[in-house]
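Presented below is the structure to which this report refers.
The values are calculated or read from the model by the stated rules, or taken from the named source; none is laboratory data. All values reported here derive from a predicted model rather than from experimental measurement. Neighbour counts run over all protein chains shown; Cβ positions are idealised from the backbone, glycine included.
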């Protein structure tokens with residue numbers, strides 16, 4: 001295959017006798033600015049444009065998801081690395097009292113428009129979570145924070161996957177027993193010592 005168009009950088013990902021689909025990755029969106037069809041001397045082939053559209057849609061979709069979602073593993077790693085995150089539990093009071101992520105702030109999603117401006121700095125990186133993948137309260141919370149101008153990400157899996165993946169959790173009485181669920185993580189046998 002020939003090189004990409006002069007000055008374009010990147011790599012050719014598909015090519016034929018007279019047209020080439022190429023892309024060049026940059027570290028920030030928008031991806032549409034770095035994907036193109038090169039068809040020297042001819043009109044773009046419909047198949048190449050269809051491939052380009054699918055590729056652009058996929059790049060946009062996955063880059064957007066990664067920009068606005070995180071998971072328990074990444075949140076826990078960020079906590080351990082000392083990154084400054086404001087983790088917000090957006091569930092009701094009974095759920096909060098039953099258990100939560102250590103260090104989280106309790107702010108039910110309906111209260112965000114009135115409470116967040118007074119309680120969370122606007123330049124904070126906010127991570128919201130609710131019960132589980134079957135709960136959309138974190139999405140409602142993310143929307144509320146975004147409307148207020150916050151940088152916000154949803155912790156996919158919610159509290160359920162935080163607990164099932166074995167991360168520390170607590171209630172008003174203190175730390176709760178850690179769970180290591182083999183359906184969502186590799187569980188290694190406990191180390192034994194010989195005497």
Contact list please: Cβ distance under 8 Å, first residue in segment 55-72 and over 22 Å from residue 143 (Cβ atoms) and not assigned by TED's automatic domain parsing to the domain that holds residue 153, second residue in a helix (DSSP H, G or I) and modelled with pLDDT under 95, pairs at least six apart or on different chains.
56/31; 56/32; 59/31
Is it the case that segment 85-94 has a residue that's over 26 Å from residue 166 (Cβ atoms) and touching a strand residue (DSSP E or B) at 6+ places or on another chain (Cβ under 6 Å)?
no
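Yes/no matrix, rows are residues, columns are (1) under 20 Å from residue 83 (Cβ atoms); (2) surrounded by fewer than 18 Cβ atoms within 10 Å (Cβ to Cβ); (3) in contact with a helix residue (DSSP H, G or I) (Cβ under 8 Å, 6 or more places away or on another chain); (4) assigned by TED's automatic domain parsing to the domain that holds residue 85:
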residue: 115; (1), (2), (3), (4): no, yes, no, yes
residue: 122; (1), (2), (3), (4): yes, yes, no, yes
residue: 125; (1), (2), (3), (4): yes, yes, no, yes
residue: 132; (1), (2), (3), (4): no, yes, yes, yes
residue: 137; (1), (2), (3), (4): no, no, yes, yes
residue: 151; (1), (2), (3), (4): yes, yes, no, yes
residue: 157; (1), (2), (3), (4): yes, no, yes, yes
residue: 162; (1), (2), (3), (4): yes, no, yes, yes
residue: 169; (1), (2), (3), (4): yes, no, yes, yes
Among the residues of segment 98-113 satisfying the criterion of being within 16 Å of residue 75 (Cβ to Cβ) and either without any contact (Cβ under 8 Å) to a residue 12 or more places away in the chain or under 21 Å from the mean Cα position of the chain (by Cα) (or both), which is surrounded by the fewest Cβ atoms within 10 Å (Cβ to Cβ)?
103
